[in-house]
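What follows is one structure encoded as structure tokens, with my remarks underneath.
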Ligand code: SF4
Ligand code: SF4
């Protein structure tokens, strides 16, 4: 899923400075699962902003709304009735796709991103998430013991480990496991070392981001 985290409160305060009425839009998708931009987090942020406004003696009305998803026009248009309220700003608590979709759907509204979208990953433990994919568009992890060297090696090496690997850790940080150590351990334990050693080290990068923004149009869904 997409992992995101809330921007620092001081940055969010600059978004609402001088505004009197804002709409905070939460999302029930990935950002609810990673506890960054769901209904609960919107409630906490709304309270913080109201308290801060009261302390500063400035008027600020904060309305809250949660959409099923903000990466789908079907749900974005559920905001339409709220737009009659004439908000000074819309603050989206989705990943960065949400505020872009809202900004496009409502040209007259000023939209701010409350979250920083960080990476594609999963939960390692409660409250801990880690990167696992860089969306290269041509998955090859089966050639690397099911582990992704592009997202998990600090240098995205396809022919690691580099000389900085020591004691199973990456030279970039002792906090980072050297994924190449893990790859070698995995292909040793699952008995596929021979296959691993014969792999081609040329990857087709045409599906990656370097060719410009990507799009998928699935024919069977367009009919
Ligand atoms: S090989 Fe590409 S698609 Fe597969 S996990 Fe790595 S970055 Fe993601
Ligand atoms: S030490 Fe391992 S993870 Fe770090 S850059 Fe080298 S091969 Fe990649």
Residues in the stretch 155-185 that are in a loop (DSSP other than H, G, I, E, B) and in contact with a helix residue (DSSP H, G or I) (Cβ under 7 Å, 6 or more places away or on another chain): how many? 7
Look through the stretch 89-112, keep the residues that are under 16 Å from the mean Cα position of the chain (by Cα) and part of a helix (DSSP H, G or I), and return whichever of them is surrounded by the fewest Cβ atoms within 10 Å (Cβ to Cβ). 100
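Can you tell me which residue among 174, 155 is surrounded by fewer than 19 Cβ atoms within 10 Å (Cβ to Cβ) and either modelled with pLDDT under 95 or under 30 Å from residue 194 (Cβ atoms) (or both)?
Selected residue: 155, the only one of 174, 155 that is surrounded by fewer than 19 Cβ atoms within 10 Å (Cβ to Cβ) and either modelled with pLDDT under 95 or under 30 Å from residue 194 (Cβ atoms) (or both).
If I filter the stretch 78-86 for residues that are at pLDDT 95 or above, away from ligand 2 (no atom under 16 Å from the Cβ) and either surrounded by 13 or more Cβ atoms within 10 Å (Cβ to Cβ) or not assigned by TED's automatic domain parsing to the domain that holds residue 29 (or both), do I get at least one hit?
As a first pass, look at the stretch 78-86 and keep what is at pLDDT 95 or above: none.
No: zero hits.
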Only listed residue being assigned to a loop (DSSP other than H, G, I, E, B) and more than 28 Å from residue 128 (Cβ to Cβ), chosen from 58, 62: 58
Name the single residue, out of those in the stretch 7-32 being within 17 Å of residue 65 (Cα to Cα), under 21 Å from the mean Cα position of the chain (by Cα) and touching a residue at least 24 places away in the same chain (Cβ under 8 Å), that is surrounded by the most Cβ atoms within 10 Å (Cβ to Cβ). 31
Could you tell me whether any residue of the stretch 213-222 is under 17 Å from residue 142 (Cα atoms), free of Cβ contacts under 8 Å to residues at least 60 places away in the same chain, part of a helix (DSSP H, G or I) and away from ligand 1 (no atom under 15 Å from the Cβ)? no
With the condition kept exactly as written, say whether any residue in the stretch 133-154 is within 19 Å of the chain's Cα centre (by Cα), in a strand (DSSP E or B) and either farther than 23 Å from residue 30 by Cα or within 16 Å of ligand 2 (Cβ to nearest atom) (or both). yes
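Can you pull out the residues in the stretch 33-52 that are in contact (Cβ under 8 Å) with a residue 24 or more places away in the chain and within 20 Å of residue 69 (Cβ to Cβ)?
Quick first cut of the stretch 33-52, residues in contact (Cβ under 8 Å) with a residue 24 or more places away in the chain only: 33-39, 41-42, 45, 48-49, 52.
Matches in the stretch 33-52: 33, 34, 35, 36, 37, 38, 39, 41, 42, 45.
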Would the stretch 182-204 turn up any residue that is touching a residue at least 60 places away in the same chain (Cβ under 8 Å) and away from ligand 2 (no atom under 13 Å from the Cβ)? yes
Considering (1) in contact with a strand residue (DSSP E or B) (Cβ under 7 Å, 6 or more places away or on another chain); (2) more than 13 Å from ligand 1 (Cβ to nearest atom); (3) within 23 Å of residue 33 (Cβ to Cβ), say which one residue 128 fails and leave the rest. (1)
Would you check if there is a residue in the stretch 179-201 being within 16 Å of ligand 1 (Cβ to nearest atom), within 24 Å of the chain's Cα centre (by Cα) and under 23 Å from residue 124 (Cβ atoms)? yes
Can you tell me which of 133, 118 is surrounded by 15 or more Cβ atoms within 10 Å (Cβ to Cβ) and out of contact with any helix residue (DSSP H, G or I) (no Cβ under 9 Å at 6 or more places or on another chain)? 118
Across the stretch 186-205, what is the number of residues that are exposed (fewer than 10 other Cβ atoms within 10 Å of the Cβ) and either outside the structural domain of residue 160 (by TED's automatic domain parsing) or part of a loop (DSSP other than H, G, I, E, B) (or both)? 5
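The values are calculated or read from the model by the stated rules, or taken from the named source; none is laboratory data. Computed from a predicted model, the values in this text were never measured in an experiment. Because the Cβ atoms are built from the backbone with ideal geometry, glycine has one as well, and the counts that use them run over all protein chains shown.
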